[in-house]
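The values are calculated or read from the model by the stated rules, or taken from the named source; none is laboratory data. Since we're looking at a predicted model, the values are computed, not measured. With ideal geometry, Cβ positions are generated from the backbone for all residues, glycine too; neighbour counts draw on all protein chains shown.
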Amino acid sequence: MVCSVSFLPSLSSSFSVPFRGGVPTLKRSPTAAAAAIEAVETGIPTIHDTVSPKKVLIPIGYGTEEMEAVIMVQVLRQAGACVTVASVEPQLEVEASGGVKLVADTSINSCTNEIFDLIALPGGMPGSARLRDCEVLRDITSKHAEAKRLYGAICAAPAVALQPWGLLRRKRITCHPAFMGKLSSFWAVKSNIQVSGELTTSRGPGTTFEFSLALVEQLFGESAAQEVKEDGVHESRPPSHRRPTTRRLGEENGGCLAKRRGEVTKRRMEMSEEAKSREVTNRSQKNGDEAINNGGD
């Protein structure tokens with residue numbers, strides 16, 4: 001199944017992010033995801049050396065951190081993964097922690113017989129607790145981890161969901177600073193990203209791009225992650241695209257700006273000297289005229 005996601009904010013304070021499967025209806029620039037879709041349709045290998053796209057499960061629930069969920073979905077699909085967003089709630093439409101409405105592809109109950117290459121849990125509260133309390137998701141994730149397949153969690157989810165499920169044993173992990181105290185001090189690591197075997201964890205909304213790219217690298221390789229990174233708006237612009245400063249303008253023009261400034265300064269000094277000279281001449285002439293007039297008297 002080819003999965004897509006569109007971002008269509010409404011004019012209200014919240015917006016709906018429809019995570020619906022199917023062929024994308026919006027025109028998009030060629031990406032790794034497009035290459036993967038084309039490969040499935042034509043049988044042509046992609047840069048990831050695979051015809052069948054990797055399958056990823058991202059569960060969401062009431063109070064899920066929307067930034068983490070949306071960025072994870074977008075980055076993974078950009079890389080060519082077939083992402084299924086599954087709701088752990090009775091309905092597909094879920095209100096996230098910031099009031100944003102997220103619409104899942106399907107219910108978590110429909111995923112019980114699926115085999116995924118990666119399961120990634122977004123954080124947020126009470127979203128992480130809603131994921132933890134979903135028995136279906138717990139069973140799916142536990143079997144997935146036992147099979148040595150990739151799984152990950154970000155923000156509060158490592159401590160709130162994975163730890164009670166027993167999926168952090170003998171793993172180096174990180175999570176949101178507010179929940180670090182819930183982790184074993186021996187295995188907890190204060191880092192933005194922590195990869196330990198099949199498990200990848202991260203700290204929160206501000207590290208979601210980095211977290212998502214780490215997942216892409218494990219699924220498709222370093223080159224695929226680099227490609228997505230270069231296409232992303234979070235990538236720093238090259239020096240040639242930066243607005244030039246006055247100093248850089250001078251340096252890039254071989255010192256022409258400094259030379260011009262020197263010429264202007266020199267000209268101002270010359271004009272000042274000329275003005276002084278004219279003033280002295282005028283004063284002398286005035287004094288001479290006064291002397292002549294006085295002599296005539």
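Pairing residues of region 115-131 that are assigned by TED's automatic domain parsing to the domain that holds P59 and over 17 Å from A214 (Cα atoms) with residues that are modelled with pLDDT of 95 or more and of a type in the set (S, T, Y), at Cβ distances under 7 Å and at least 6 apart in sequence or on separate chains, gives G124/T64; G124/S97; M125/S97; P126/Y62; G127/Y62; G127/T64; G127/S97; R130/Y62.
Inspect region 146-154 for any residue being of a type in the set (K, R) and surrounded by fewer than 18 Cβ atoms within 10 Å (Cβ to Cβ) and give the result as yes or no. Scanning region 146-154, I find at least one residue that is of a type in the set (K, R) and surrounded by fewer than 18 Cβ atoms within 10 Å (Cβ to Cβ), so the answer is yes. Of all residues assigned to region 60-67, none qualifies as being surrounded by fewer than 23 Cβ atoms within 10 Å (Cβ to Cβ), part of a strand (DSSP E or B), in contact with a Pro (Cβ under 8 Å, 6 or more places away or on another chain) and touching a residue at least 12 places away in the same chain (Cβ under 8 Å). Does at least one position in region 151-164 carry a residue that is touching a residue at least 60 places away in the same chain (Cβ under 8 Å), in contact with a helix residue (DSSP H, G or I) (Cβ under 7 Å, 6 or more places away or on another chain) and under 20 Å from L219 (Cα atoms)? Scanning region 151-164, I find at least one residue that is touching a residue at least 60 places away in the same chain (Cβ under 8 Å), in contact with a helix residue (DSSP H, G or I) (Cβ under 7 Å, 6 or more places away or on another chain) and under 20 Å from L219 (Cα atoms), so the answer is yes. Just one of the listed residues (V136, V160, V189) is touching a Ser or Thr at 6+ places or on another chain (Cβ under 7 Å), within 28 Å of V100 (Cβ to Cβ), surrounded by fewer than 19 Cβ atoms within 10 Å (Cβ to Cβ) and assigned by TED's automatic domain parsing to the domain that holds Y62, namely V136. Residues of region 192-210 include at least one that is hydroxyl-bearing (S, T, Y), part of a helix (DSSP H, G or I) and modelled with pLDDT of 95 or more.
Scanning region 211-249 for residues that are assigned to a helix (DSSP H, G or I) and modelled with pLDDT under 55 returns P239, S240, H241, T246, R247, R248, L249.
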